[in-house]
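Since the structure comes first, as structure tokens, the remarks are kept for the end.
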Amino acid sequence: MINPASLLPGDVGSFIEKLDNSLNDLMPSNFFSVMVGGDVFGTFLKVAGLEYSIDPYIIKEGGRNHSQLHKPFDGPAKTGEVTLEWGSMKRDKMEAWINSVAPGYMFRRNVFIVQHRRDRIPFRVTVLVGAWPKQWKMSDLDAKANELATETVTLVHDGMYMVPIPMP
């Protein structure tokens, strides 16, 4: 069988081959365990707001009349607020951390969000640098409701990066 990537010129063929191989590495997100500093914080089923954006700087050149020229770095990059939802967390650690958010206290922590497969094997770690809790919210306490009592934590951070864990 002929590899279609081999029919394309040089760099394009190797690019498509690498892309084809990387599609096999996609994993569903199933659950997340979270560590704050070196302490285990809890497990969560949803992590929302992992984002990083850079606003472009628009230059209207005199000789370029058909469109604007976009350059990066109109200002510092922006990170989103990360929300951890439906968690079973260590409440004493959460209370101590959110109560320490005050001037003069060391409340910023590195947060490690470990993404696991269905068989509980970790495959990716997202690190939030200098994070602190902005909001901790519990679901309504209603004895008549037939819902699980859930918790939500919203974190603010200075930056983030992801580290893949090599699969055996």
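Put a dot 7 Å past the Cα of Ala145, heading toward its Cβ, do the same for Arg118, and the two dots end up 3.0 nm apart. Among the chymotrypsin sites (Phe, Trp or Tyr not before Pro) in the stretch 98-139, those placed in a DSSP loop whose Cβ has at most 15 other Cβ atoms within 10 Å are Tyr105.
Here the spin labels are modelled as points 7 Å beyond Cα on the Cα-Cβ line, and at Trp86 and Arg108 they lie 3.3 nm apart. Karplus-based coupling profile of the stretch 50-56, in residue order and whole Hz: 6, 8, 8, 9, 10, 6, x, with θ = phi - 60° in 6.51 cos²θ - 1.76 cosθ + 1.60 and x standing for Gly or Pro. Here the calculated FRET efficiency for Glu95 and Ile58, from their Cβ-Cβ distance with R0 = 45 Å, stands at 0.45, rounded to the nearest 0.05. Extension gain for the segment Ala77 to Leu50, taken as residue separation times 0.36 nm less the Cα-Cα distance, is 8.4 nm to one decimal.
Computed from the coordinates by the stated procedures, all read-outs in this text should not be read as laboratory data. All of these numbers come straight from a predicted model, not from anything done at the bench. Every residue, glycine among them, receives a Cβ derived from its backbone with ideal geometry; neighbour counts consider all protein chains shown.
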